[in-house]
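J.: Would you mind keeping the following structure in view while I ask a few things?
The values are calculated or read from the model by the stated rules, or taken from the named source; none is laboratory data. All values derive from a computational prediction rather than experimental measurement. With ideal geometry, Cβ positions are generated from the backbone for all residues, glycine too; neighbour counts draw on all protein chains shown.
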Amino acid sequence: MQHTDKKYSVHFAEVLLKSHLSQPEEKRIKLEGTGGETLEALFLGTRGGNAKYMLELMGFALQGNVDFRKNYFPNDPDYLDTNIQQSKGFKETMLLMGLEYDKLITQLQQSGTFFSMRTIGHMLWDTTLPGMLGYFAALMYNQNNVAAEASPVTTLLEMHVGNELCKMLGYSVNPIGKKPGEFDLPQGQVTGWGHITCDGSVANLEGLWMARNLKFYAASVKQAILNETIFQNAKGFQVTLLNGTTATLINLDSWTLLNLPIDEVLAIPNNLSSQYNIPIADVSNAIANYTVQNIGYHDVLSKYLPDINQTPVSICTSTRHYSWPKGAAILGIGASNMWSIPVDVKARMDLTHLDAALGQCLLKKIPVMNVVAIIGTTEESQVDPLNGILAIREKYRQQGMEFAIHADAAWGGYYKTMLNSNDDSNPVSFKLMNEDAIVALPMSNYVTEQYKVLQLSDSITIDPHKSGYVPYPAGGLCYRNSAMRNLVSFTAPVVYHGGVDPTVGVYGVEGSKPGAAAAAVYFSHKVIRPNMSGYGKISGECFFNAKRFYAALVCLNIQNLPFFVVPLIPIPAIQQNLPAPQVLQQYQFIRDRIVNVSTQQLINDPEAFALFKELGGDQTIITYMYNDYNADRTPNGNMQSINDFNNAIYTAFSFKPYEKHTEETPIVVTSSQFTRINNGNVLMDDLRKRLGVNGNDGYNDPINFIISTIMNPWLSNTVNGSFIPTLINIIIQNVSQIASFRKLQS
């Protein structure tokens, strides 16, 4: 644990910034410029082909650390000398280290082969060279980003990374280290703020923590104004309501206090400070005595909001990550107060059900802390209709109800880079590409529209260690309004000139946190810019490959095989309930003009490319099931038998260390289950129908499914051409064998 005096922290931050600005421009920490555009240089390689470059750069890092040690008071004594290094004990210890290190390396080769073209299961692929190199370089300095004094360089790196992630996702930021009068924003414009967390679960927890504290803040302020002597002249303090009128805060009823505009609530401390000439730290400290953060749920509800009889809720899609109910439990909200909204047939939040749930909250005066939109679900990579959620919020704002919107883009956040222009001239925000360029992307029109409004979310989870390809642990959380971070801090806010805080470590759940994680993200972003030519290019290739794999997979259904494939998202002809001949015609079109053509031919075929964009899921995960046929070529209608079939396929295509050798697993996938409780009747009934389940057979049974995650940008473009046909042939051979064996057993 780092113990730091606050005044010293502020002084240290000012010195740190001054030192940063005094460096020559070319040596300063900053995230801007063009970056590298040759993807092949950015990863170690399936066969380790870039190892010599990585070893050379790692050598630079090691030598740099050695020089750093030598140059710090060079006349100080060492504990090493030649005699010690030649001693028997030293040599024996080094020999032991070498032998045990060899064992460790050997054991590590039982790990998952996530670098391979054949590994298409988990949300995990290779890590970028700059990500690994940044982590390795900073690892040797062992910096702790809980406090700037323990991490003067890596704290600055994290600040720059936080700003970069905000800009990447669409938030405006306050540039770090700006000079007076430089890049000034319009009066009253809010700016975003972000930081690195250990993972998306902690980022989600912090987002929910902020939303909970925000919901009760105005009620706490009312009590502070009524009871604290420093506010004796502030009894007439006014706030703006959702309808645009103003009112005296202490005269507001409980429901109105819980539903003030978000930015109005966040501005209260500064407005009190400026209007009544009270130091901001004194304002915040006085209010803190009354916040839910300090006195807890029970006292806030019973003492400050006695006429609110309903427990506040958070609302999320039923396909949410498990961290959401876990976070609700940790925060005392209660997992049962994390309401689940059923999904539609495409596994996206059903807006009709959301509207109904919010209507119930309005009618019964149930406070809503936030609504969570998933921008890439964990098992389906589906994108909730964020634009629709935003529209529904506007509807309820007109009726006097306010809530935050959180976008859980832990998986899908980096795909926003596909839309970001290469123009890096504005230090405040990124520009979107022009519409002509966006239309040419392998992203569906629906998904594109959700990314265009991502910046209207109040907070966003983003995981660099997922589709940012950097080493663990590197999650992230970004706030639209930087004042939100003060709601989860246990120190009073202070204005830090130039946009630099004394540390990033006070604004979150974690204590000690590795500076190496920030260095990994920083260096990866320095080389791979978060725009269409950097991360956007990687993401675009993965989208392209996922759709090519999906197309090849579904076309197995028009081959004479002993099984068929049921993807979560069927081809458009099936979605449109077209007659069987037209469904067959579309399968043939996909086979002839998408699967069996070169990449260039596909791109140059407007009709085929338009259909191609709409194929499969919203992002790069393909979720699908298999079923086999009866002797008369009718589908197997037994739900348990279908689940057994998919379990057998998963077993054949999953790597189990120490049970079978890596080379015995020709493809690595993963699996999960759909259930009525989690996924609702609409989705379950549609899947059962397309699988060919007999009537109500196993009606309440789960449905087992296979997951393939495409994170390899070269899957359809290796030095030997596309690897997708190899994967498809492996599927045909192995699944056919399993189906045939089942027939012999029956």
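J.: Do you know which of the residues in region 355-391 that are under 21 Å from the mean Cα position of the chain (by Cα) and either of a type in the set (Val, Ile, Thr) or assigned by TED's automatic domain parsing to the domain that holds Phe674 (or both) is modelled with the lowest pLDDT?
T.: Among them, the one singled out is Thr378.
J.: Can you spot a residue in region 309-324 that is among the polar types (S, T, N, Q), surrounded by 18 or more Cβ atoms within 10 Å (Cβ to Cβ) and either free of Cβ contacts under 8 Å to residues at least 24 places away in the same chain or assigned to a strand (DSSP E or B) (or both)?
T.: Initial filter on region 309-324 (among the polar types (S, T, N, Q)): 309-311, 314, 317-319, 323.
Now drop any that are not surrounded by 18 or more Cβ atoms within 10 Å (Cβ to Cβ), which leaves 314, 317-319, 323.
Within this subset, residues satisfying the condition of being either free of Cβ contacts under 8 Å to residues at least 24 places away in the same chain or assigned to a strand (DSSP E or B) (or both) are 314, 317.
Yes - at least one qualifying residue is present in region 309-324.
J.: Scan Leu208, Leu226 and give me the residue that is aliphatic (A, V, I, L, M), closer than 30 Å to Tyr322 by Cβ and assigned to a helix (DSSP H, G or I). Walk me through how you get there before you give the answer.
T.: Values: Leu226 fails: closer than 30 Å to Tyr322 by Cβ.
Only one candidate qualifies: Leu208.
J.: Residues in region 671-691: is at least one surrounded by fewer than 20 Cβ atoms within 10 Å (Cβ to Cβ) and assigned to a loop (DSSP other than H, G, I, E, B)?
T.: yes
J.: Where residues in region 51-85 are within 28 Å of Val153 (Cα to Cα) and of a type in the set (S, T, N, Q), which of them is surrounded by the most Cβ atoms within 10 Å (Cβ to Cβ)?
T.: Asn65
J.: Check region 729-741 and report whether any residue there is touching a Phe, Trp or Tyr at 6+ places or on another chain (Cβ under 9 Å), more than 21 Å from Tyr550 (Cα to Cα) and among the β-branched types (Val, Ile, Thr).
T.: yes
J.: Quick one: is Leu578 among the hydrophobic types (A, V, I, L, M, F, W, C) and farther than 21 Å from Met443 by Cα? Talk me through it step by step, then tell me what you get.
T.: Details: among the hydrophobic types (A, V, I, L, M, F, W, C): yes; farther than 21 Å from Met443 by Cα: yes.
When the stated conditions are applied, Leu578 passes them.
J.: Is region 659-669 home to any residue that is assigned to a strand (DSSP E or B), buried (at least 16 other Cβ atoms within 10 Å of the Cβ) and not assigned by TED's automatic domain parsing to the domain that holds Met418?
T.: yes
Rundown of residues vs (1) of a type outside the set (A, V, I, L, M); (2) at pLDDT below 95; (3) surrounded by fewer than 24 Cβ atoms within 10 Å (Cβ to Cβ); (4) under 24 Å from Val521 (Cα atoms), yes/no style:
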{"residue": "Ser444", "(1), (2), (3), (4)": "yes, yes, yes, no"}
{"residue": "Ser459", "(1), (2), (3), (4)": "yes, no, no, yes"}
{"residue": "Ser467", "(1), (2), (3), (4)": "yes, no, no, yes"}
{"residue": "Val470", "(1), (2), (3), (4)": "no, no, no, yes"}
{"residue": "Gly475", "(1), (2), (3), (4)": "yes, no, no, yes"}
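J.: May I ask you to say which residue of Cys555, Cys542 is buried (at least 20 other Cβ atoms within 10 Å of the Cβ), within 31 Å of the chain's Cα centre (by Cα) and either in a helix (DSSP H, G or I) or not polar (S, T, N, Q) (or both)? Spell out the reasoning first.
T.: Details: Cys555 fails: within 31 Å of the chain's Cα centre (by Cα).
Exactly one of Cys555, Cys542 is buried (at least 20 other Cβ atoms within 10 Å of the Cβ), within 31 Å of the chain's Cα centre (by Cα) and either in a helix (DSSP H, G or I) or not polar (S, T, N, Q) (or both), namely Cys542.
J.: Still on this structure, please answer the following. So, in region 727-746, of the ones that are closer than 24 Å to Arg47 by Cβ and touching a residue at least 24 places away in the same chain (Cβ under 8 Å), which residue ends up nearest to the chain's Cα centre (by Cα)? Reasoning before the result, please.
T.: Restricting attention to region 727-746, the residues satisfying the condition of being closer than 24 Å to Arg47 by Cβ are 727-731.
Still in the running and touching a residue at least 24 places away in the same chain (Cβ under 8 Å): 727-728, 730-731.
Details: Leu727: 28, Ile728: 30, Ile730: 32, Ile731: 30 Å.
Selected residue: Leu727.
J.: Looking at region 646-668 only, could you name the residues that are of a type in the set (A, V, I, L, M), at pLDDT 95 or above and touching a strand residue (DSSP E or B) at 6+ places or on another chain (Cβ under 9 Å)?
T.: Residues of region 646-668 of a type in the set (A, V, I, L, M): 648-649, 652, 667-668.
Filter again for at pLDDT 95 or above, leaving 648-649.
Selection gives Ile649 alone.
J.: In addition: Would you be able to tell me the number of residues in region 358-377 that are polar (S, T, N, Q) and crowded, with 21+ Cβ neighbours inside 10 Å? Spell out how you get there, then give the answer.
T.: Taking region 358-377 as the starting set, the residues that turn out to be polar (S, T, N, Q) are 360, 370, 377.
Going one step further and asking which of them are crowded, with 21+ Cβ neighbours inside 10 Å, we end up with 370, 377.
The total comes to 2.
J.: If a residue must be touching a helix residue (DSSP H, G or I) at 6+ places or on another chain (Cβ under 7 Å) and either aromatic (Phe, Trp, Tyr) or closer than 26 Å to Asn734 by Cβ (or both), how many such residues does region 606-618 contain?
T.: Residues that pass the stated criteria total 4.
J.: Just give me the residues in region 556-611 being within 20 Å of Lys346 (Cβ to Cβ) and in contact with a Leu (Cβ under 9 Å, 6 or more places away or on another chain), in sequence order.
T.: Correct list: Val565, Val566, Pro567, Leu568, Ile569, Ile571, Pro572, Ala573, Gln586, Ile590.
J.: Please find, among Val439, Val504, Val494, the residue that is modelled with pLDDT under 90 and surrounded by 24 or more Cβ atoms within 10 Å (Cβ to Cβ). Give the derivation first.
T.: Details: Val439 fails: surrounded by 24 or more Cβ atoms within 10 Å (Cβ to Cβ); Val494 fails: surrounded by 24 or more Cβ atoms within 10 Å (Cβ to Cβ).
Answer to the check: Val504.
J.: Given the criterion touching a residue at least 40 places away in the same chain (Cβ under 8 Å) and in contact with a strand residue (DSSP E or B) (Cβ under 7 Å, 6 or more places away or on another chain), identify the matching residue among Ile375, Ile392. Walk me through how you get there before you give the answer.
T.: Details: Ile392 fails: in contact with a strand residue (DSSP E or B) (Cβ under 7 Å, 6 or more places away or on another chain).
Going through Ile375, Ile392 in turn, just one is touching a residue at least 40 places away in the same chain (Cβ under 8 Å) and in contact with a strand residue (DSSP E or B) (Cβ under 7 Å, 6 or more places away or on another chain): Ile375.
J.: Might you check whether a residue that is in contact with a Phe, Trp or Tyr (Cβ under 6 Å, 6 or more places away or on another chain) and either crowded, with 20+ Cβ neighbours inside 10 Å or of a type outside the set (Ser, Thr, Tyr) (or both) occurs anywhere in region 227-237?
T.: Let us first name the residues in region 227-237 that are in contact with a Phe, Trp or Tyr (Cβ under 6 Å, 6 or more places away or on another chain), namely 233-234.
Filter once more, so that each one left must be either crowded, with 20+ Cβ neighbours inside 10 Å or of a type outside the set (Ser, Thr, Tyr) (or both): 233-234.
Taking every residue of region 227-237 in turn, at least one turns out to be in contact with a Phe, Trp or Tyr (Cβ under 6 Å, 6 or more places away or on another chain) and either crowded, with 20+ Cβ neighbours inside 10 Å or of a type outside the set (Ser, Thr, Tyr) (or both).
J.: Go through (1) surrounded by fewer than 22 Cβ atoms within 10 Å (Cβ to Cβ); (2) farther than 19 Å from Leu214 by Cβ and name the single condition Leu354 misses.
T.: Result: Leu354 fails condition (1) only.
J.: Here is a further query. Is it the case, given these coordinates, that Ile295 is part of a strand (DSSP E or B) and either within 34 Å of the chain's Cα centre (by Cα) or surrounded by fewer than 18 Cβ atoms within 10 Å (Cβ to Cβ) (or both)? Break it down into steps so the answer makes sense when it comes.
T.: Numbers: part of a strand (DSSP E or B): no; either within 34 Å of the chain's Cα centre (by Cα) or surrounded by fewer than 18 Cβ atoms within 10 Å (Cβ to Cβ) (or both): yes.
In short, no.
J.: Right, Leu561: under 21 Å from Ile728 (Cα atoms), assigned to a loop (DSSP other than H, G, I, E, B) and in contact with a helix residue (DSSP H, G or I) (Cβ under 7 Å, 6 or more places away or on another chain) or not? Steps first, answer last, please.
T.: Details: under 21 Å from Ile728 (Cα atoms): yes; assigned to a loop (DSSP other than H, G, I, E, B): yes; in contact with a helix residue (DSSP H, G or I) (Cβ under 7 Å, 6 or more places away or on another chain): yes.
Taking the combined requirement at face value, the residue satisfies it.
J.: Turning to a different aspect of this structure: Please work out if Gly236 is farther than 21 Å from Met484 by Cα and under 35 Å from the mean Cα position of the chain (by Cα).
T.: Numbers: farther than 21 Å from Met484 by Cα: yes; under 35 Å from the mean Cα position of the chain (by Cα): no.
It is false that Gly236 is farther than 21 Å from Met484 by Cα and under 35 Å from the mean Cα position of the chain (by Cα).
J.: So which residues in region 263-282 are more than 17 Å from Glu228 (Cα to Cα) and of a type in the set (Asp, Glu)?
T.: Result: Asp263, Glu264.
J.: Name the residue that is surrounded by the most Cβ atoms within 10 Å (Cβ to Cβ), counting only residues in region 86-106 that are more than 48 Å from the chain's Cα centre (by Cα) and not basic (Lys, Arg). So that I can check it myself, show each step before the final result.
T.: Looking only at region 86-106, we keep the residues that are more than 48 Å from the chain's Cα centre (by Cα), and these are 86-89.
Those still in the list that are not basic (Lys, Arg) too: 86-87, 89.
Working: Gln86: 9, Ser87: 11, Gly89: 8.
So, considering only residues that are more than 48 Å from the chain's Cα centre (by Cα) and not basic (Lys, Arg), the one surrounded by the most Cβ atoms within 10 Å (Cβ to Cβ) is Ser87.
J.: Exactly one condition in (1) in contact with a strand residue (DSSP E or B) (Cβ under 6 Å, 6 or more places away or on another chain); (2) loosely packed, with under 10 Cβ neighbours inside 10 Å; (3) among the hydroxyl-bearing types (Ser, Thr, Tyr) is not met by Thr119; state its number.
T.: Every condition holds for Thr119 apart from (2).
J.: Kindly provide the set of residues from region 403-423 that are among the charged types (D, E, K, R) and crowded, with 24+ Cβ neighbours inside 10 Å, ordered by number. Full working, then the answer.
T.: Taking region 403-423 as the starting set, the residues that turn out to be among the charged types (D, E, K, R) are 408, 416, 423.
Passing the criteria: Asp408, Lys416.
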